[in-house]
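A short write-up of the structure that comes next.
The values are calculated or read from the model by the stated rules, or taken from the named source; none is laboratory data. Everything numeric here is computed off the predicted structure, so don't read it as measured data. Because the Cβ atoms are built from the backbone with ideal geometry, glycine has one as well, and the counts that use them run over all protein chains shown.
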Amino acid sequence: MEFRDFSHKIDRWDKRVILRYNGIGGKPILYILKFVSFFGRETLWLFLIAFYLFIWYDPFLLSYISSTFLIGLLIILAIKQIVNRARPFEEFNQEELKVLERKPTSKSFPSWHSYNIVSHGLLFGLFFLRSPLITILIILFSIIVSFSRIQLGVHYPSDVIAGFFIGIIGFLLSIYIISPIFLIVISNLEQSMTYEIQYHKVNSMLYENIWYLLLSILIFCIILISAVYKKMKEYIKNKF
């Protein structure tokens, strides 16, 4: 009974906060928040994974970015399915709440954007660069990205708070457990390769092997198309 009362209080707080901050700041703030929100999408991190695999091979960066992304994908998707929380725009009418970006089709809790920006931000700030100042700036930027999801009307505050803390957990799981395993697997795969592996430089196969070049272009095109497909589909539907 106490848990039910607590969940009702959180739900009321969520709805009160999102209605207060939805669309706040007008168009200038809206454009800024729509831009920063992009950094929480999977597109950027998939590009980096593909880049450090096909263009500038770096097993260290590849392992840590990939494992951080994969951990989030598994945890966030599992929780979304279990909790099955509706998006804010599914519970409010258009007069009460404005959706200021493309409507996501996944469930609301927790926020995938918040997870991505926090987990990868900590990975770059604390683990790769080892800079307290940069880490603080990244955390501040992560807060802005998380807030953008509320302002745009696609997430409740508790969604982004949960995504934020799951991002910290994902970061810790990545650096201490999953990424070292990834490195071992990659190292074993490298030993079975029949050609010389090129580290930390542009892969010469891009200009020596047409099939490798075409494969690389195809993979990056797939990532790009998957990022803009739904938006293009909505645009065409509204246009015609």
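Points to keep in mind about this one:
- The listed residue being of a type in the set (Gly, Ala, Ser) and either modelled with pLDDT of 95 or more or in contact with a His (Cβ under 9 Å, 6 or more places away or on another chain) (or both), out of Gly167, Gly125, Gly153: Gly167
- In a residue-by-residue description of the stretch 171-178, the property of being more than 18 Å from the chain's Cα centre (by Cα) and either without any contact (Cβ under 8 Å) to a residue 40 or more places away in the chain or exposed (fewer than 14 other Cβ atoms within 10 Å of the Cβ) (or both) applies to at least one position.
- Residue within the stretch 76-85 that is over 27 Å from Phe124 (Cα atoms) and among the hydrophobic types (A, V, I, L, M, F, W, C) present: yes
- Condition broken by His155, with the remaining ones in (1) touching a Lys or Arg at 6+ places or on another chain (Cβ under 8 Å); (2) in a helix (DSSP H, G or I) satisfied: (2)
- Conditions (1) touching a residue at least 24 places away in the same chain (Cβ under 8 Å); (2) out of contact with any Asp or Glu (no Cβ under 9 Å at 6 or more places or on another chain); number of the one not met by Pro132: (1)
- Check on Leu140, under 20 Å from Gly25 (Cβ atoms), among the hydrophobic types (A, V, I, L, M, F, W, C) and not in a helix (DSSP H, G or I): no
- Set Ser119, Ser108, Ser114: member being over 23 Å from Leu48 (Cβ atoms) and under 15 Å from the mean Cα position of the chain (by Cα): Ser108
- Annotation for the stretch 167-180: no member residue is over 21 Å from Ala78 (Cα atoms) and assigned to a loop (DSSP other than H, G, I, E, B).
- Selection count, the stretch 208-240, where residues are of a type outside the set (A, V, I, L, M, F, W, C), at pLDDT 75 or above and either surrounded by fewer than 10 Cβ atoms within 10 Å (Cβ to Cβ) or not in a helix (DSSP H, G or I) (or both): 2
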